[in-house]
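Enquirer: Below you'll find the structure I mean.
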Amino acid sequence: MNKEPILKIEDLCVDFKTRTGSVRVLHHINLSVKAGESIGIVGESGCGKSMTALATMQLIPTPPGLISEGSVLLKGDDLLKLNEIQMRDVRGNEISMIFQEPMTSLNPVFKIGMQISENIIRHQGKTKKEAQELSVAMMRAVKIPGAARLIKRYPHELSGGMRQRVMIAMALSCQPSVLIADEPTTALDVTVQAQIFDLLRDVQQDMGTAIILITHDMGVIAENTQRVVVMYAGHKFEEGPVDEIIHHPKHPYTRGLIRCTPHLKKNMEHEREELSEIPGIVPDLSRLDGLCPFRPRCSEKRRQCDEQMPQEIQTGDGHFVCCWAAGEDQ
């Protein structure tokens, strides 16, 4: 595996203009992914996971949104310096995204084959016939039975699992270097979820695609990624190898997310363990005070938490955390 990251996000900041002023929704986010690697971004709803993905793709509506600081380097080129026309050559070609809900991402008035072919024609310059043949091949690659027949169907004629496979086929049709999967199994049953993740692993192995998996489920992270980034209220709280984070989490928020994940016990005769929860809710981003945004919900709050935002420190090989309590252990 190449040691150099294929995608590197540095000090990424995103602001939104509101009636009461400018609100920062992403605070100096740093992360990277190498070719053939899978990393996860995890956190509660509203923590900035999808916003990071949208900023990477330059899909934030401007106005009211604004990427105010930072860089997004894809193979060394800063995507944030590209104009909209140049970005259209990158999206769907070098970097693709699978969105949360395929029924709202697929156009209901166009047939499946046309929607996949459009991307191939746009980026690869194929004829309509060649694009149609490649569309069938991609649908077969994502294990859609009867692909030649289904390309003539409309999205509403397919099941949720099949629509999600179509979205994956569309995202991979130009063999992108980076694939962002934003909650790719939302609203799917657990059997189909497992099939989708197996499919992504197979595709990654075959194509060497770098995958950024966005989810709120630590169980999904544990099974499908090598590294994980934990986000909260637009901040990156912790990052490291997934086994290290799962077994030795340093941030109280990360530990809370892990405790919220249900576990099946081997001995079902034991009394069922009650599922823990993190008290409170994600804060209003317009009311942050420049200190740790998790401290109102934190059970390990320190005196320094009310005085200064902690700096990121390294606690192990590739393991970074932003917490005063973690710093006391060094």
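Enquirer: For segment 80-127, what are the residues that are closer than 30 Å to K34 by Cβ, basic (K, R) and over 21 Å from the mean Cα position of the chain (by Cα)?
Expert: Across segment 80-127, the qualifying residues are K81, R122, K126.
Enquirer: Evaluate the following for M170: is it over 30 Å from P310 (Cβ atoms) and open to solvent by 50 Å² or more (accessible area, probe 1.4 Å)?
Expert: The answer is no for M170.
Enquirer: To continue, here is another question. Scanning for something in a strand (DSSP E or B) and acidic (D, E), does segment 52-75 turn up at least one residue?
Expert: Scanning segment 52-75, I find at least one residue that is in a strand (DSSP E or B) and acidic (D, E), so the answer is yes.
Enquirer: Now, a different point. Give the number of residues within segment 82-121 that are of a type in the set (D, E, K, R), more than 21 Å from E157 (Cα to Cα) and surrounded by fewer than 17 Cβ atoms within 10 Å (Cβ to Cβ).
Expert: Within segment 82-121, residues that are of a type in the set (D, E, K, R), more than 21 Å from E157 (Cα to Cα) and surrounded by fewer than 17 Cβ atoms within 10 Å (Cβ to Cβ) number 3.
Enquirer: Further, regarding this structure: Helices (runs of 4 or more DSSP H) wholly in segment 95-208 with at least 2 residues that are closer than 22 Å to T225 by Cβ - which ones?
Expert: Result: 160-172, 190-207.
Enquirer: Here's another thing I want to ask about it. Restricting segment 1-49 to residues that are polar (S, T, N, Q) and not in a loop (DSSP other than H, G, I, E, B), which is most open to solvent (accessible area, probe 1.4 Å)?
Expert: The first filter runs over segment 1-49 and keeps only residues polar (S, T, N, Q), leaving 2, 18, 20, 22, 30, 32, 38, 45.
If we keep only those that are not in a loop (DSSP other than H, G, I, E, B) as well, we get 18, 22, 30, 32, 38.
On the way: T18: 67, S22: 88, N30: 55, S32: 31, S38: 6 Å².
Out of the qualifying residues, it is S22.
Enquirer: Here's a check for you: in segment 288-330, which residue that is free of Cβ contacts under 8 Å to residues at least 40 places away in the same chain and small (G, A, S) is nearest to K236 (Cα to Cα)?
Expert: So, considering only residues that are free of Cβ contacts under 8 Å to residues at least 40 places away in the same chain and small (G, A, S), the one nearest to K236 (Cα to Cα) is G290.
Enquirer: Further, regarding this structure: Looking at (1) surrounded by 17 or more Cβ atoms within 10 Å (Cβ to Cβ); (2) at pLDDT below 95; (3) touching a helix residue (DSSP H, G or I) at 6+ places or on another chain (Cβ under 7 Å), can you tell me which one V282 breaks?
Expert: (3)
Enquirer: Right, another one. Among (1) assigned to a helix (DSSP H, G or I); (2) in contact with a strand residue (DSSP E or B) (Cβ under 6 Å, 6 or more places away or on another chain), where does D89 come up short?
Expert: For D89, the failing item is (2).
Enquirer: Another question, if that's okay. Scan segment 132-165 for residues that are free of Cβ contacts under 8 Å to residues at least 40 places away in the same chain and among the β-branched types (V, I, T) and report the count.
Expert: Number of matching residues: 2.
Enquirer: What's the number of the condition G76 fails, among (1) surrounded by fewer than 16 Cβ atoms within 10 Å (Cβ to Cβ); (2) modelled with pLDDT of 90 or more; (3) in contact with a His (Cβ under 9 Å, 6 or more places away or on another chain)?
Expert: Answer for G76: the failing condition is (3).
Enquirer: Return the residues of segment 219-252 that are among the hydrophobic types (A, V, I, L, M, F, W, C) and either surrounded by fewer than 24 Cβ atoms within 10 Å (Cβ to Cβ) or assigned to a strand (DSSP E or B) (or both); say none if nothing qualifies.
Expert: V220, A222, V228, V229, V230, M231, A233, F237, V242, I246
The values are calculated or read from the model by the stated rules, or taken from the named source; none is laboratory data. In this text the structure is predicted, and so the values were computed from the model without any measurement. In this analysis, Cβ positions are derived from the backbone assuming ideal geometry, glycine residues included, and neighbour counts consider all displayed protein chains. Ligands, DNA and RNA are stripped out before the accessible areas are found, and what is left, the full protein with its side chains, is counted by its heavy atoms. Shrake-Rupley method; radii C 1.70, N 1.55, O 1.52, S 1.80 Å.
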